[in-house]
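Please read the structure below before turning to the comments.
The values are calculated or read from the model by the stated rules, or taken from the named source; none is laboratory data. Everything quoted here is computed from the prediction, not taken from an experiment. All Cβ positions, even for glycine, are placed from backbone atoms using ideal geometry, and neighbour counts span all protein chains on display. The area values use the complete protein model at the heavy-atom level, side chains included, leaving out ligands, DNA and RNA. Shrake-Rupley method; radii C 1.70, N 1.55, O 1.52, S 1.80 Å.
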Amino acid sequence: MRIGILGSGRMGAALGQQWAAVSHSVTFSYSRDPRRLAGLAHASGGNARAGSPAEAVAASDVVLVAVPWHRLDDALAQSGSLAGKIVVTCSVPMTEDDSDLAVGHTSSGAEELAKRLADARVVAAFNTIPSELIVDPDRLSRPVRPEVVYCGDDAAAKEVVADLIRDTGFEPVDAGPLRVARWMDPFALLVAQLAYEMDLGPEMGYRFLRS
Ligand SMILES: NC(=O)c1ccc[n+]([C@@H]2O[C@H](COP(=O)([O-])OP(=O)(O)OC[C@H]3O[C@@H](n4cnc5c(N)ncnc54)[C@H](OP(=O)(O)O)[C@@H]3O)[C@@H](O)[C@H]2O)c1
């Protein structure tokens with residue numbers, strides 16, 4: 001799979017590195033520091049490169065949106081057309097001071113993104129896990145994998161994203177249509193509260209029990 005990363009910070013770098021490690025072709029983009037992008041690509045091995053947002057999108061079938069919510073318009077303006085692409089968003093729609101959701105209850109970051117990208121196949125995923133869990137080296141050897149909820153309206157796109165979730169060492173949990181992202185965003189804040197404000201620590205995940 002050819003994957004473009006829009007926003008190569010904690011989430012974009014962690015996911016892109018994992019995908020490059022299992023042979024996906026990854027293009028890291030959208031940093032204020034081109035040297036950081038180049039270093040990230042170099043550290044990720046032969047399957048990764050650095051590029052502009054437009055290059056990352058043009059070279060990819062799947063695009064990960066991992067920018068702070070207040071940078072979304074700027075990142076999209078540099079990206080060119082995302083028509084027909086599978087767009088995975090992990091972006092939680094926080095206010096610029098990071099104190100609250102900027103969108104909520106009747107919409108979500110993913111739904112607002114889908115409105116902006118009418119021809120893209122938007123899937124919400126990875127927004128409910130801390131980046132530290134993605135890079136935890138012990139995660140892949142644990143007998144029980146943490147889960148990741150995801151949602152979207154395009155069944156084929158969701159299958160692709162479910163495989164990308166498995167590729168990062170998580171089990172995908174299909175939460176239904178994209179409108180469910182409006183419940184995932186607050187859940188993401190609960191996970192962040194537990195990871196960063198309480199004493200569980202950031203290398204924590206969740207798993208739903210079945211009878
Ligand atoms: N961190 C987590 O654990 C976590 C978990 C779930 C969801 N999320 C969501 O994932 C998204 C990305 O979060 P993150 O923690 O990966 O963010 P981050 O580490 O701050 O990375 C943000 C990325 O955007 C780039 N960027 C370019 N211009 C920017 C600007 N003017 N201001 C800020 N960043 C700019 C940064 O580049 P440079 O800094 O290199 O210039 C970097 O590549 C957010 O929407 C967040 O809500 C994060």
Mind checking the log10 I(q)/I(0) for the range 97-153 at q = 0.16, 0.23, 0.27, 0.29 Å⁻¹? Debye, one equal scatterer per Cα, no solvent, two decimals. -0.69, -0.99, -1.14, -1.21
Separation between the Ser107 and Val22 pseudo-spin-labels, each 7 Å from Cα along Cα→Cβ, expressed in nm? 3.3
Take the alpha carbon atoms of the range 15-123, find their radius of gyration, then divide it by 2.2 N^0.38 Å using N residues; give the quotient. 1.09
Give me the percent of the accessible area of the range 1-133 that comes from carbon and sulfur atoms, probe 1.4 Å, all protein chains in place. 49
Per residue, how many Å² of accessible area does the range 1-134 show with a 1.4 Å probe? 42
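Can you tell me what share of the DSSP beta bridges in the range 1-120 is antiparallel? A percent to the nearest 5 is fine. Walk me through the intermediate numbers first.
On the way: 1 of 17 bridges.
Around 5 percent of the beta bridges assigned by DSSP in the range 1-120 are antiparallel ones.
Taking all pairs of different Cα atoms in the chain, averaging 1/r and flipping that mean, what Kirkwood radius in angstroms comes out?
17.0
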Which distance in nm do the two modelled labels at Arg207 and Arg71 give, with both placed 7 Å along the Cα-to-Cβ direction? 3.4
About the Cα centre of the chain, what is the dipole size in debye to 20, counting +1 per Lys and Arg Cβ and -1 per Asp and Glu Cβ, all else neutral? 520
Rounded to the nearest 0.05, FRET efficiency between Ser99 and Val135 (Cβ-Cβ, R0 25 Å) equals 0.45
In nm, what is the difference between 0.36 nm times the number of residues separating Ala83 and Asp153 and their Cα-Cα distance? 23.7 nm
Which stretch or stretches of the range 124-158 have amide N atoms under 20 Å from the point lying 7 Å from Asp199's Cα along the Cα→Cβ direction? none
How many times 2.2 N^0.38 Å is the alpha carbon radius of gyration of the range 142-200? 1.25
Is any residue of the range 126-163 close enough, with backbone N under 13 Å, to a label point placed 7 angstrom from the Cα of Asp61 along the Cα-Cβ axis, and if so, which? 156-163
Under a point spin-label approximation (7 Å from Cα along Cα-to-Cβ), what is the Arg142-Ser52 distance to one decimal in nm? 4.1
Contact order normalised by length for the chain, with contacts defined as Cα pairs under 8 Å and 6 or more residues apart; what percent is it? 18
